[in-house]
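Below: one structure, written as structure tokens.
The values are calculated or read from the model by the stated rules, or taken from the named source; none is laboratory data. Keep in mind it's a predicted model, so treat the numbers as computed, not measured. Positions of Cβ are backbone-derived with ideal geometry, glycine not excepted, and every protein chain shown enters the neighbour counts. In case anyone asks, the SASA skips ligands and DNA or RNA and just uses the protein heavy atoms, side chains included. Shrake-Rupley method; radii C 1.70, N 1.55, O 1.52, S 1.80 Å.
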Amino acid sequence: MTVITQAPPNGTPTWVDLGIPDHRRAMEFYGAVFGWEFEEGPPETGNYTMCLAQGKPVAALMKNPDPDATDFWWNMYFATDDCDGAAKRITDAGGQIPMAPMDVMEQGRMAIAVDPAGGQFGLWEARAHIGAQVVNEPGAMVWNELVTAKADTARDFYTAVFDFTLEPMEGFDYTVLHRPDQRPIGGIQGEPSATESVWLTYFDVADADATVQHATAAGATMTLEPQDTPFGRMAGLRDPFGAEFRIIKSAQPS
């Protein structure tokens, strides 16, 4: 089990959460899909609900604070040891900060950002809450990628903000992002037909086909049929609220 016991290095995807109209309906759905258990927070936290895999937090659900919202997505947060400094680098590189850095009780400091290509993401400066405590295991986050029609703009932005280095893939417009220690942390997929830029989260599963069956029976819509890739068998889904995510049964090293 890949357990995280301290805040990860800057630029690492460290947390994901989802704000939807009915978080208890979402608990039913994601519990059926991933086998998550839940710890629901009090009303003063917006019922911010921790999703647990193997007894440890891996994501969160909450009631969307905007009653008129019609578009929902998993929001991914990059780790930072200086939320305010990272926010300044974002604006210096052409991004926007629709939610300025703020303290979240004793848990940490956060901000919401939008890159120049239109992709939204968060920043998380860990204190009591270090982010996901399990990764790369069934039911936990394993990969994140930005799908965008403005891949060049995105590549320039994320290298400037997080000091990533780029590894282009052969044969199609896909770039792997590496932290300064050369660990791959995500990717940018150039998609000319994309009408918006969005960060997609991949959750690891034990069986991609079985997970698709469980998810569609629970109310999901399949956006990408299960298919084999060099990295594992993957599929795309939208939950009952329209939030898109990916699943993958990661390939085992040969």
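Within 27 Å of residue 115 (Cβ to Cβ), hydrophobic (A, V, I, L, M, F, W, C), touching a residue at least 24 places away in the same chain (Cβ under 8 Å) and open to solvent by 50 Å² or more (accessible area, probe 1.4 Å): does that describe residue 206? So that I can check it myself, show each step before the final result.
Values: within 27 Å of residue 115 (Cβ to Cβ): no; hydrophobic (A, V, I, L, M, F, W, C): yes; touching a residue at least 24 places away in the same chain (Cβ under 8 Å): yes; open to solvent by 50 Å² or more (accessible area, probe 1.4 Å): yes.
It is false that residue 206 is within 27 Å of residue 115 (Cβ to Cβ), hydrophobic (A, V, I, L, M, F, W, C), touching a residue at least 24 places away in the same chain (Cβ under 8 Å) and open to solvent by 50 Å² or more (accessible area, probe 1.4 Å).
Mind checking which residues of the range 130-144 are open to solvent by 10 Å² or more (accessible area, probe 1.4 Å), more than 12 Å from residue 15 (Cα to Cα) and not polar (S, T, N, Q)?
137, 138
Among the residues of the range 108-129 satisfying the criterion of being in contact with a Phe, Trp or Tyr (Cβ under 9 Å, 6 or more places away or on another chain) and assigned to a loop (DSSP other than H, G, I, E, B), which is surrounded by the fewest Cβ atoms within 10 Å (Cβ to Cβ)?
Filtering the range 108-129 for residues that are in contact with a Phe, Trp or Tyr (Cβ under 9 Å, 6 or more places away or on another chain) and assigned to a loop (DSSP other than H, G, I, E, B), the one surrounded by the fewest Cβ atoms within 10 Å (Cβ to Cβ) comes out as 116.
Would it be correct to say that residue 182 is farther than 25 Å from residue 61 by Cβ and within 17 Å of the chain's Cα centre (by Cα)? Reasoning before the result, please.
On the way: farther than 25 Å from residue 61 by Cβ: yes; within 17 Å of the chain's Cα centre (by Cα): no.
For residue 182, the condition - farther than 25 Å from residue 61 by Cβ and within 17 Å of the chain's Cα centre (by Cα) - is not met.
Please specify each residue of the range 130-155 satisfying the condition of being assigned to a helix (DSSP H, G or I) and of a type in the set (A, V, I, L, M).
First, pick out the residues of the range 130-155 that are assigned to a helix (DSSP H, G or I): 151-155.
Those that are assigned to a helix (DSSP H, G or I) and of a type in the set (A, V, I, L, M): 151, 154.
Among (1) at pLDDT 95 or above; (2) touching a Gly at 6+ places or on another chain (Cβ under 7 Å); (3) at positive phi; (4) not hydrophobic (A, V, I, L, M, F, W, C), where does residue 47 come up short?
Just one mismatch for residue 47, condition (1).
Would you check if there is a residue in the range 14-36 being out of contact with any Cys (no Cβ under 9 Å at 6 or more places or on another chain), without any contact (Cβ under 8 Å) to a residue 40 or more places away in the chain and surrounded by fewer than 21 Cβ atoms within 10 Å (Cβ to Cβ)?
Looking for residues that are out of contact with any Cys (no Cβ under 9 Å at 6 or more places or on another chain), without any contact (Cβ under 8 Å) to a residue 40 or more places away in the chain and surrounded by fewer than 21 Cβ atoms within 10 Å (Cβ to Cβ), one finds at least one in the range 14-36, hence yes.
Looking at the range 229-239, which of the residues that are open to solvent by 50 Å² or more (accessible area, probe 1.4 Å) and modelled with pLDDT of 95 or more is nearest to residue 143 (Cα to Cα)?
Start the filter on the range 229-239 by keeping residues that are open to solvent by 50 Å² or more (accessible area, probe 1.4 Å), which leaves 230-231, 233, 238.
Restricting the remaining residues to those that are modelled with pLDDT of 95 or more gives 233, 238.
Working: 233: 13, 238: 17 Å.
Among them, the one singled out is 233.
Filter the range 168-179 for residues that are open to solvent by 80 Å² or more (accessible area, probe 1.4 Å) and either in contact (Cβ under 8 Å) with a residue 40 or more places away in the chain or among the charged types (D, E, K, R) (or both) and give the result.
Residues of the range 168-179 open to solvent by 80 Å² or more (accessible area, probe 1.4 Å): 168, 170-172.
Within the range 168-179, 170 is the sole residue that qualifies.
Yes or no: residue 158 open to solvent by less than 20 Å² (accessible area, probe 1.4 Å), outside any loop (DSSP other than H, G, I, E, B), farther than 16 Å from residue 249 by Cβ and of a type in the set (Phe, Trp, Tyr)? Can you show your working first?
On the way: open to solvent by less than 20 Å² (accessible area, probe 1.4 Å): yes; outside any loop (DSSP other than H, G, I, E, B): yes; farther than 16 Å from residue 249 by Cβ: yes; of a type in the set (Phe, Trp, Tyr): yes.
In short, yes.
Being crowded, with 19+ Cβ neighbours inside 10 Å, assigned to a strand (DSSP E or B) and touching a helix residue (DSSP H, G or I) at 6+ places or on another chain (Cβ under 6 Å) is the requirement here; does residue 185 meet it?
On the way: crowded, with 19+ Cβ neighbours inside 10 Å: yes; assigned to a strand (DSSP E or B): yes; touching a helix residue (DSSP H, G or I) at 6+ places or on another chain (Cβ under 6 Å): no.
Considered against the rule, which asks whether it is crowded, with 19+ Cβ neighbours inside 10 Å, assigned to a strand (DSSP E or B) and touching a helix residue (DSSP H, G or I) at 6+ places or on another chain (Cβ under 6 Å), residue 185 comes out as no.
Matching residues to (1) in a helix (DSSP H, G or I); (2) of a type in the set (Asp, Glu); (3) touching a strand residue (DSSP E or B) at 6+ places or on another chain (Cβ under 6 Å):
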| residue | (1), (2), (3) |
| --- | --- |
| 18 | no, no, yes |
| 29 | yes, no, no |
| 33 | yes, no, no |
| 44 | yes, yes, no |
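Scan the range 217-228 and tell me whether some residue there is at pLDDT 95 or above, open to solvent by less than 30 Å² (accessible area, probe 1.4 Å), closer than 20 Å to residue 61 by Cβ and among the hydroxyl-bearing types (Ser, Thr, Tyr).
no
Out of the range 103-122, which residues are touching a Lys or Arg at 6+ places or on another chain (Cβ under 8 Å) and within 11 Å of residue 83 (Cβ to Cβ)? Before you say what the answer is, go through the steps one by one.
Initially, the range 103-122 is screened for residues touching a Lys or Arg at 6+ places or on another chain (Cβ under 8 Å), giving 103, 106-109, 116-118.
Residues satisfying the conditions are 103, 108, 109.
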